[in-house]
Amino acid sequence: MSRGFSIGIVGGGAAAVCLIDALARARGGPGSVTVFEPSPDLWRGRAYQVDTETLRVNATPDDMSVRAGDPGHFERWLAARDRAVGGPAEFDARSGVRFAPRPVYGEYLEQTAAAALADLRRQGWQVNLIGEPVTAADRGPDEVVLRSGRGGVRSFDHVVLCVGGDRPEDGYGLAGAPGFVADPYPAVGRLRQIDADDHVAVLGSGLTAVDIVLSLAAQGHRGPISLLSRRGVLPGVRQRPIPFELRHFTTERLRSLARRRHHLSIDDLGALMRAEFRDAGADLDAAVADLAAIGREDPVARLRRQLGEVDSPGMGLRILQRAVPETGPDVWPLLRPRDQAEVLRRHYRTTMSLCCPMPPGSAAALLRMFDSGQLANRSGLRGITVRPDARFDALTGTGAALTADTVVNAVNAAADRIPAAARPLVDSLVHGRAAARHPYGGLHLERATSRLTVDGRPDPRLYGLGNIGAGALFFTWGVPSLVDRSVDIVAAILDHAAESESARAEDVLVST
């Protein structure tokens with residue numbers, strides 16, 4: 001490829017790091033790569049910015065590696081960091097697993113990105129970092145034109161949208177109210193403003209809510225803390241790892257079935273999972289019954305029970321926690337539309353609780369706070385209003401109003417999965433018929449390549465990575481998913497670049 005080709009990457013968070021690392025290892029090109037990221041937290045994104053080390057990643061190091069085919073990459077980096085900074089490594093006392101602080105993982109992202117960019121430069125690539133947002137895009141005949149915040153206009157052969165996730169949705173209209181923390185991150189800055197004796201209401205009961213509770217406890221908060229949500233479901237608790245490999249519920253088996261049937265049914269998935277459980281000597285019916293109890297079983301009692309089962313030899317939960325995030329991304333596009341709608345309507349929260357469990361140490365700390373009476377979990381949240389004295393009244397399922405001094409927002413982002421800052425860019429692509437919104441959020445993508453599609457036609461010059469693929473894909477945010485999609489995107493870009501160069505060479509031969 002004598003002329004070289006250009007890649008524009010919109011967004012500079014964890015997804016972009018996975019993509020750049022995959023590009024450096026692919027040994028394609030050379031060409032040019034340009035990253036647009038206006039945030040000062042380059043490579044860290046919102047989740048891994050400089051913050052209190054109380055915040056931990058909720059996955060084991062092998063699931064946090066950004067290096068495709070090398071699950072030990074992050075663990076080796078951690079070991080090298082330990083030697084450099086000194087001090088003992090911290091492991092979860094109940095599971096024996098290391099859950100790294102999120103700011104430390106941010107360091108890993110920064111250093112991995114720097115190493116990958118240096119590698120690309122050695123290969124002859126031109127690298128550009130632009131500290132501006134991309135506000136619009138135009139799809140030309142043979143290029144994509146990006147317009148950035150200060151009036152810059154740049155053309156690229158290929159563009160990858162890595163715009164990340166949005167901030168929590170303000171579902172109760174509390175923005176601007178004194179005492180309302182609209183976004184809890186960075187916790188070290190946002191939560192330290194809270195008086196230690198305040199009654200704090202946390203909106204939500206998922207992993208972000210757990211972060212907030214543990215951060216408040218670590219800074220010595222004395223007042224009561226109430227988790228407020230509609231269902232009151234707490235994250236599951238991660239068990240001690242036991243090595244095993246999936247035999248039936250695998251990507252290869254699912255794709256083989258899909259080639260014969262075009263779509264898979266829930267019954268197809270159930271048959272494969274039953275075979276997986278049978279081979280492991282596990283009881284699928286018991287596991288299904290346990291999942292069905294989510295929302296009915298008292299959440300604190302469930303937390304206590306799961307914490308007591310961290311060392312259980314049973315494989316049922318471990319199989320599900322492996323299969324859902326590992327094979328789930330390939331399952332989703334193969335399901336019939338009505339089955340996708342059923343999963344989202346009835347099982348989404350259960351699935352998230354299953355595949356995104358918290359470390360046992362976090363669960364033990366929460367349970368101590370529940371038992372002491374400092375922490376309460378209240379379901380049936382119906383609304384929150386601001387009182388004349390600037391405090392808050394929350395109406396829950398009990399019918400009685402709960403009064404709080406401070407409200408911290410820990411709910412999910414808006415349902416469309418496109419960050420507010422990226423909406424002008426996405427709107428320009430949609431209006432220009434270069435992209436199409438998915439009814440479940442995000443944009444339509446081709447599963448195999450992550451190319452944007454319109455009316456089922458994939459565009460070889462436009463790609464989406466991360467949350468922008470929500471709906472077309474199910475798991476869009478976990479690091480393993482980002483790594484797998486990055487490899488697919490890089491391969492698709494290099495293939496298209498090679499085809500384009502070959503076509504140009506043939507044109508030259510014909511013209512001469």
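Kindly check whether there is at least one residue in segment 355-369 that is within 14 Å of ARG238 (Cα to Cα), of a type in the set (Ser, Thr, Tyr) and in a helix (DSSP H, G or I). Looking for residues that are within 14 Å of ARG238 (Cα to Cα), of a type in the set (Ser, Thr, Tyr) and in a helix (DSSP H, G or I), one finds at least one in segment 355-369, hence yes. Residues in segment 21-54 that are over 25 Å from VAL134 (Cα atoms) and modelled with pLDDT under 90: ASP51, THR52, GLU53, THR54. Filtering segment 92-132 to residues that are under 19 Å from LEU214 (Cα atoms) and touching a residue at least 40 places away in the same chain (Cβ under 8 Å) leaves ASP92, ALA93, ARG94, SER95, VAL97, PHE99, ALA100, PRO101, ARG102, PRO103, VAL104, TYR105. Within segment 100-124, the set of residues being assigned to a loop (DSSP other than H, G, I, E, B) and open to solvent by 10 Å² or more (accessible area, probe 1.4 Å) comprises GLN123, GLY124.
For segment 255-307, name all the residues that are touching a Lys or Arg at 6+ places or on another chain (Cβ under 7 Å) and either free of Cβ contacts under 8 Å to residues at least 60 places away in the same chain or among the β-branched types (Val, Ile, Thr) (or both).
Here is the first cut: in segment 255-307, the ones touching a Lys or Arg at 6+ places or on another chain (Cβ under 7 Å) are 263, 265, 272, 276, 279, 284, 295.
Listed by number, the residues that qualify are LEU272, GLU276, ASP279, LEU284.
Residue-wise test of (1) open to solvent by 60 Å² or more (accessible area, probe 1.4 Å); (2) closer than 30 Å to PRO30 by Cα.
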position	(1), (2)
ASP138	yes, yes
SER148	no, yes
PRO178	yes, no
ASP183	no, no
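Scanning segment 482-496 for residues that are open to solvent by less than 20 Å² (accessible area, probe 1.4 Å) and among the aliphatic types (A, V, I, L, M) gives LEU482, VAL483, ILE489, VAL490, ALA492, ILE493. For segment 153-170, a tally of residues being closer than 14 Å to ARG423 by Cβ and either surrounded by 24 or more Cβ atoms within 10 Å (Cβ to Cβ) or basic (Lys, Arg) (or both) returns 4. The residue list ARG102, ARG98 contains one member that is in contact with a helix residue (DSSP H, G or I) (Cβ under 8 Å, 6 or more places away or on another chain) and within 17 Å of ARG56 (Cα to Cα), which is ARG98.
Residues in segment 260-304 that are loosely packed, with under 14 Cβ neighbours inside 10 Å and under 19 Å from PHE370 (Cα atoms): 3 in all.
The values are calculated or read from the model by the stated rules, or taken from the named source; none is laboratory data. The structure displayed is predicted, hence computed values, not measured ones. Backbone-built Cβ (ideal geometry, glycine too); neighbour counts: all protein chains shown. Each accessible area value is taken on the protein alone, full model and side chains, heavy atoms only, with ligands, DNA and RNA left out. Shrake-Rupley method; radii C 1.70, N 1.55, O 1.52, S 1.80 Å.
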